[in-house]
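The structure appears right after this line, and notes come after that.
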Amino acid sequence: DMESSENDTDLSQDNVGSVEEIPEDTILSRQTSVNLVPFIGQRFVSQDAAYEFYCSFAKQCGFSIRRHRTRGKDGVGRGVTRRDFTCHRGGYPQAKPADEGKLQRNRKSSRCGCQAYMRIVKRSDFDVPEWRVTGFSNNHNHELHKSAEVQLLPSHCTISADDKSRICMFAKAGMSARQMMRLMELEKGIKLGCLPFTELDIRNLLQSFRHADRDSEAIDLVSMCKRLKDENSSFKYDFKLDGHNKLEHIAWSYPSSIEQYETFGDAVVLDTTHRLDAYDMILGLWIGVDNHGLACLYSCVFLCFMKGKSPQTILTDQNMWLKEAITCEMPETKHAFSIWHIMANFSDWFSLPLGAHYDGWKAEFYRLYSLEMVDEFESEWKEMVDRYGLQSNKHIIGLYALRNFWALSYLRHYFFAGLMSKSVTDSVNAFIERMLSAQSKLGCFIDEVADIAKYSNDAGSKSKKVSLKTGSPMESHAAAVFTPFAFSLLQEELLLAPQYASILVDEGCFHIRHHAGTNGGCKVMWDPRQDLIHCSCHQFEFSGILCRHILRVLSTNNCFHIPDPYLPLRWRLVSKDHVEKEQIKKAKILESLASTIVSESVLNEDRLNFACEQMSMVLSHIKQLPRLDNHNHEHDEDEMGFNSPPGSLIIPEVEDSDGIVYSFSLGNFHESFSGKLKEQNPNPGLGNVSRKRRRSSIHCSGEFGHDASDCPIIDSENLNADGDALGFL
């Protein structure tokens, strides 16, 4: 018996036992032996990997296994943190209450209280989960089976994917289960009765196929998508049929997903590591993160669904086919590999060659991954490879060749919206788990996924309280602008900023170094007149949150508010879409106000001269204001309906009392308009005018707190006297 404690509790299957320390050389000898034996400290990537290993060991020994007790529950809190696998004869049968008048089967149970088991516990080193063996016993109180008998025990009686396909084909040909068995024995060249499954297993499999009518449900799925499209034209879907007119793949996206992508589609995760088990179909999920740090579903999104808009960055696993496809289809998008997918393979790749040095190497790798400077990464990577003797390791060679896809020092120039952080990764994984737990029939799956996506969106809209910790005016400013998620990230940087020294090197150039450090540090460039600031760590470019180095420079130079360009709309309490709508609304008000100014000014020359003088001053002041208003975005005048040369003023079309629409196009006030107005047009109420009839759809009076009945412009005597002088929308 071998046992290791988990937080000094649960030392054995029944909470009793002894602890045995195993020397490293013994561990290595057991791990490299032909007949692998479980040992304390052995690592696995997942529960399934541990189950398969123990199942293989049990088959060699002559017994079967089953999944036993767990600690925790999938999708709740930390999820399952402990799992026990036991001999299939472990435990004792539970007495069932007998129902009077109901015939009971008198079957004898095979359970006899066998104590053989293997326990695995979930541990997270550097936020990467892996499963370790903490308990193992191979003491049985029953006879073990011979090799010819063991294959028919429950855990070893399995049907492979290839055999399932063959059985499905044989069933369509009208063959019986017995005929299938004989034919497959001949194909495999094995003795009669030596297949790892029985006729009963084939019948059960065929019965499950009947419950999952793939062809019928595929037709229902396309019909459902068509119905959703008819109900809402914003619903998008696409599908492809193979040469036999059967569904090969299908993609869809909900209207809410498209809206979310428009706002938060700058950084996405493309997950293709899961399947719909009942249909053996790959499930490809496009997932992003909103301004609250919560996962949002873009579903199976094609670029054509999103008007051809590609994300700035995309995160995937190490799938080389995806790498080629993304390079071809989205050449402007930065592609990166998820470090969590990479490190999940480390126990398989490196625990054997490194042995006792594995934990130390893993810590060193994570430190190199987190480095900020490329030069540091290159030099220290070579030192790490030499120190651990990994020069010829194929996995190390492959990782280094693809370093610009996963090392942070190569990725900090690109915006990833926190997708590589632990909190966002957990949010995305929890979202995927909820989706996978919803799979049943494909038609229901679409509706259930829509409900999950809606629940996630609603969760993000709920406000959360924030607490101030530093008393800094910048902290108060950020708390009023950012979402709680983004504010917590900035607050963490604010708390660490006082630990750094700020040294002025040159005008606008600062050297920032930790108080305990003697070398290194970061370089911060600041131009307060242009509201521009940059740090060599590229934290803002990478996450959209100012780093502690910049915050230190701002605080030591009496800056009490964060410059507006560094409060990106991506992380604000209001979304970019909401802000753009507000900007368009204000622009319409400005249009109405401008046309009113023109209509009032052209009544006489004094008014006109005064208006020209004041408008020139306003325009001059506006041009001095910064153009940049959010993270990596500038105002695009075309998006708001404006496209005019500098120095000109476009006055919107206005309508007079007769339904005549006038368009004003005014150039520079001083050079053209005031001097030529009377010469070009004998009517002093109009500039360059084009006339056409159109009903105006915008009413401006309500925008200024009054309606048409008491509007001072409409009540003007001159306006009523001359309908052509009407200058408002």
**Study point:** Matching residues in region 466-503 - criterion: being open to solvent by 60 Å² or more (accessible area, probe 1.4 Å) and charged (D, E, K, R)
**Key:** Lys469, Glu492
Exercise for review: Considering only residues that are free of Cβ contacts under 8 Å to residues at least 40 places away in the same chain and within 30 Å of Ala50 (Cα to Cα), look in region 150-183 and name the one that is surrounded by the fewest Cβ atoms within 10 Å (Cβ to Cβ).
Suggested key: Asp162
**Study point:** Meets criteria (open to solvent by 60 Å² or more (accessible area, probe 1.4 Å), under 17 Å from His413 (Cβ atoms) and under 24 Å from the mean Cα position of the chain (by Cα)) for Glu372
**Key:** yes
Point to revise | Residues satisfying the stated conditions in region 381-411, i.e. surrounded by 15 or more Cβ atoms within 10 Å (Cβ to Cβ) and over 30 Å from the mean Cα position of the chain (by Cα) | key: Met384, Val385, Tyr388, Leu390, Asn393
Review point. Would a scan of region 573-580 turn up a residue that is out of contact with any Phe, Trp or Tyr (no Cβ under 9 Å at 6 or more places or on another chain), of a type in the set (A, V, I, L, M, F, W, C) and in a helix (DSSP H, G or I)?
Key: yes
Study note, to complete from the structure: When region 538-556 is checked residue by residue, the ones that are crowded, with 21+ Cβ neighbours inside 10 Å and not in a helix (DSSP H, G or I) are Gly544, Ile545, Leu546, Cys547
Exercise for review: From (1) open to solvent by 10 Å² or more (accessible area, probe 1.4 Å); (2) closer than 30 Å to Arg132 by Cα, pick out the condition that doesn't hold for Trp361.
Suggested key: (1)
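Select from region 504-523 the residues that are aliphatic (A, V, I, L, M) and open to solvent by less than 70 Å² (accessible area, probe 1.4 Å) and list them in ascending order.
Of the residues in region 504-523, the ones aliphatic (A, V, I, L, M) are 504-505, 512, 516.
Within region 504-523, Ile512 is the sole residue that qualifies.
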Revision key, fill the gap. In region 524-537, residues that are open to solvent by 50 Å² or more (accessible area, probe 1.4 Å) and either at positive phi or within 31 Å of the chain's Cα centre (by Cα) (or both) total 3
Point to revise | region 139-180: number of residues that are within 23 Å of Ser64 (Cβ to Cβ) and outside any helix (DSSP H, G or I) | key: 18
Study note, to complete from the structure: Those residues of region 72-119 which are β-branched (Val, Ile, Thr) and modelled with pLDDT under 70 amount to Val76
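The values are calculated or read from the model by the stated rules, or taken from the named source; none is laboratory data. It should be emphasised that the depicted structure is a prediction, and the values quoted were computed from it without experimental measurement. Quick reminder, even Gly has a Cβ in these numbers, built from the backbone with ideal geometry, and neighbours come from all protein chains shown. The accessibility values were calculated without ligands, DNA or RNA, using every heavy atom of the protein model including side chains. Shrake-Rupley method; radii C 1.70, N 1.55, O 1.52, S 1.80 Å.
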